[in-house]
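Right, one structure below, let's go through it.
Bear in mind that the values in this text are calculations on the coordinates, not laboratory data. What you see is a predicted model; the values in this text were computed from it and never measured. Please note: Cβ atoms are built from the backbone with ideal geometry, for glycine as well, and neighbour counts cover all protein chains shown.
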Amino acid sequence: MPVIAHTVAIVEDVAGTRGLLVEVVNQAPGFRCIAQHASAETAMARLPAEAPEIVLMDIKLPGVSGIDCVRHLKPRMPRTQFLMLTTYEEANDIFAALEAGAVGYLLKREAPETLVAALHEVL
């Protein structure tokens, strides 16, 4: 019987951070990273067709912010869960992300186990 993997996409502009996130997701049992994007603009163009179950979205992206990206995508992808990634706990940004349609947020410095637990939780 094949194991069903839950699909995850990552939107993060820093290549090293993006690579680490991909690694954590792909090593987590039951999850698979199916897409990664370095900008909100690329994500807005491609994510609807990729249709991941979960998107890990950086709040602070150059150009269009992660918050505006979620605001644009959530109506087009109502079943996708958006989990925001941030370096600092900035209440205004976190509130705006939740208001835009995100289901939660994680600090980038969290341990990989915390990220995997959050993926399970949003499902």
Worksheet item: To the nearest 500 deg cm²/dmol, what mean residue ellipticity at 222 nm is calculated for the chain from DSSP H runs of n ≥ 4 alone, each contributing -39,500 (n - 2.57), summed and divided by the residues?
Response: -13000 deg cm²/dmol
Worksheet item: For labels at THR87 and LEU107 in the simple 7 Å Cα→Cβ model, what's the distance in nm?
Response: 1.4
Response to the item:
Once both label points are put 7 Å beyond Cα along the C-beta direction, the ILE34-GLU99 separation in nm becomes 3.2
Worksheet item: In nm, to one decimal, how far is the GLU121 label point from the ILE4 one, both placed 7 Å along Cα→Cβ?
Response: 2.4
Practice prompt. Give a quick list of GluC sites (Glu not before Pro) in the stretch 6-114 that DSSP marks as loop, anything other than H, G, I, E or B, with at most 16 other Cβ atoms within 10 Å.
Written response: GLU89, GLU90, GLU110
Item to complete: Would you tally the net charge around GLN81, using a Cβ to Cβ cut-off of less than 12 Å, leaving GLN81 out, and scoring K and R as +1, D and E as -1?
Response: 0
Discussion item. To check my understanding: the extent here is largest minus smallest coordinate of the Cα atoms along each principal axis. What are those three numbers for the stretch 45-99, in Å, largest first?
Written reply: 31, 21, 16
Worksheet item: Using the C-alpha atoms of the stretch 72-120, what convex hull volume per residue, in cubic angstrom, is computed?
Response: 70
